[in-house]
Amino acid sequence: MHEEHHLETAFQRCGEEALFPFGAVAPPIFQTSLFEAETLRDRYDHGGSQRFHYSRASNPTLELAEKKLAVLEGTERALCFSSGMGAISSAILTFLSAGDHVICVETVYPPTRELLANWLQRYGITVDFVSGEHLDEFERARKPNTRMVYLESPSSIYFRLQDLGAVAEWARQYGLMTLCDNSWATPLFQNPHALEIDLVLHSASKYLAGHSDLVAGVVAGRAEHLEAIAKTRELLGSTLEPFGAWLLIRGLRTLPLRIERAQRQGLIVAQWLAERPEVAQVNHPGLPTHPQHELAKRQLRGYGSLFSFETYPITAEQAYAFTDALTLFRFGPSWGGYESLLLGWQQGEPDEQGRSPWLFRIYIGLEHPEDLLRDLARAVPHLGAV
Ligand SMILES: Cc1ncc(COP(=O)(O)O)c(C=O)c1O
């Protein structure tokens, strides 16, 4: 009898039901570019019978990672790519043609925005951006040639949400394809496909791989869609290579532990910052002060530990004094690994005293939260009134 397992068990066991060669417990890496046929006759007469041919198309290590990701997202199939942008661009390019129109959320990951707004213009594809917070914006942006709706919930700088089920239902009545970047929540905290979103996208470089040592991407969805995207991936060559797939499998083994801990300490730090007089606003969907907190509670089962906060008007010198005083935060893009990170941007033009609000994006990693708070407590006073 087939036993039903919890998700945490099911995705780890998936693909590992059979013994690996020699009883190895960790999966082997099939670090091979090609797969031979037993005979040439085999290859040509029974072309379809050979499972693997060339690792740009697929590879057993890659397939194992993909099986686990499909279980995690609750989809028929998943595909892995050499980056999140590889996944996003392949998914978009598979379903758009010259003359098509896309509706996209304005707070989307900037390179995705650049791809849709600038790069695809060369192919006669147009895009309109909406805040994504109200369903009627989508209706107003819709045109006779609209083909696709691109979502990212929550978005990764301002942490705005879209009501995924409502947008999917609206899109379905016009036959529009829906895509959602789910990197922030991970499949453990949100499954857009269960809310009828067609394609779920991930930068696996973040929480999924989880150790700041891999760039990878994922698309998950229905088999029919994924078959078409696999063809694009093979043609454009953005397949994840076997060692990358192995690192991803290794990272996934601790995903439930890492994401639980990250969510807990992310909330601790967000709440602490929200109470500081130097901080004007914290953008974290898990805080009751977030304008979409009710939607967040309904749609998410947990929270990522990446969020942002805004200051009152300060000088650039104050912003740098704050970051100079931090000892446990690295200053860099990306997120999802062990180490806590920070990035900051001046908001708008400075006033005559050279002051303007700043937005800091903060990623809470796996250091002890008391150490992180002590570090922040030393630095945050620099952001206060002088
Ligand atoms: C929300 C989001 N989506 C997609 C990407 C792109 O992923 P990658 O860097 O793996 O190409 C990123 C990367 O920073 C991201 O933050």
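The values are calculated or read from the model by the stated rules, or taken from the named source; none is laboratory data. Keep in mind that this is a model prediction, so the values were computed, not measured. Here the Cβ is made from the backbone with ideal geometry for all residues, glycine too, and neighbour counts use every protein chain on show. Ligands, DNA and RNA are excluded from the accessible area calculation, which covers all protein heavy atoms including side chains. Shrake-Rupley method; radii C 1.70, N 1.55, O 1.52, S 1.80 Å.
A few comments on the model shown:
- Centre separation in Å (Cα based) which lies between region 283-358 and region 24-43: 47 Å
- Counted residue by residue at 0.36 nm each, then reduced by the alpha carbon distance between them, the extension gain from A194 to E16 reaches 61.6 nm.
- Carbon/sulfur fraction of accessible area - region 7-252, other protein chains in place, 1.4 Å, %: 53 percent
- The calculated 222 nm mean residue ellipticity attributable to helices in the chain amounts to -10500 deg cm²/dmol, summing -39500 (n - 2.57) over DSSP H runs of n ≥ 4 and dividing by all residues.
- Nearest-ten-degree value, helix 255-274 long axis tilted from longest Cα axis of the chain: 20 degrees
- Estimated FRET transfer efficiency (A274, R330; beta-carbon r; R0 22 Å; 0.05): 0.40
- Under 5 Å, built H, 5+ apart or other chain: amide partners of T146: H101
- Spacing of the modelled spin labels on A166 and E234, each 7 Å from Cα toward Cβ, amounts to 4.2 nm.
- Tilt relative to the chain, helix 60-73 - C-alpha long axis, 0 to 90 degrees, to 10: 50 degrees
- Using alpha-carbon coordinates, inclination of helix 242-252 to the longest axis of the chain, degrees: 50 degrees
- Ordering 83-90, 169-176, 347-354, 193-200 by mean Cβ neighbour count within 10 Å, with the highest value first, yields 83-90, 193-200, 169-176, 347-354.
- When you filter the GluC sites (Glu not before Pro) in region 237-295 for DSSP loop state and at most 14 other Cβ atoms inside 10 Å of their Cβ, you are left with E275.
- Nearby aspartates and glutamates by direct alpha-carbon distance to K68 (threshold 14 angstrom, same-chain neighbours under 8 apart not counted): E8, E16, E17, E76
- Cut-off 14 Å between beta-carbons: net charge of the residues surrounding A316, Lys and Arg +1, Asp and Glu -1: -3
- Residues in region 263-386 average 47 Å² of solvent-accessible surface per residue, probe 1.4 Å, ligands and nucleic acids excluded.
- Accessible area (Å², per residue) of region 7-252, counting only protein heavy atoms and a probe of 1.4 Å: 44 Å²
- If the convex hull is drawn through the Cα atoms of the chain, its volume per residue in Å³: 170 Å³
- For region 16-27, Karplus couplings with θ = phi - 60° (6.51, -1.76, 1.60), whole Hz, Gly/Pro x: 10, 5, 8, 5, 6, x, 6, x, 4, 8, 7, x
- Largest mean-square fluctuation among C104, C80, C14, in a Gaussian network model of the chain whose springs join Cα atoms under 10 Å apart, belongs to C14.
- Region 256-383 - percent of accessible surface contributed by carbon and sulfur, probe 1.4 Å: 53 percent
- Histogram of C-alpha separations across region 85-221, 10 Å bin width, %: 12, 47, 34, 6, 0
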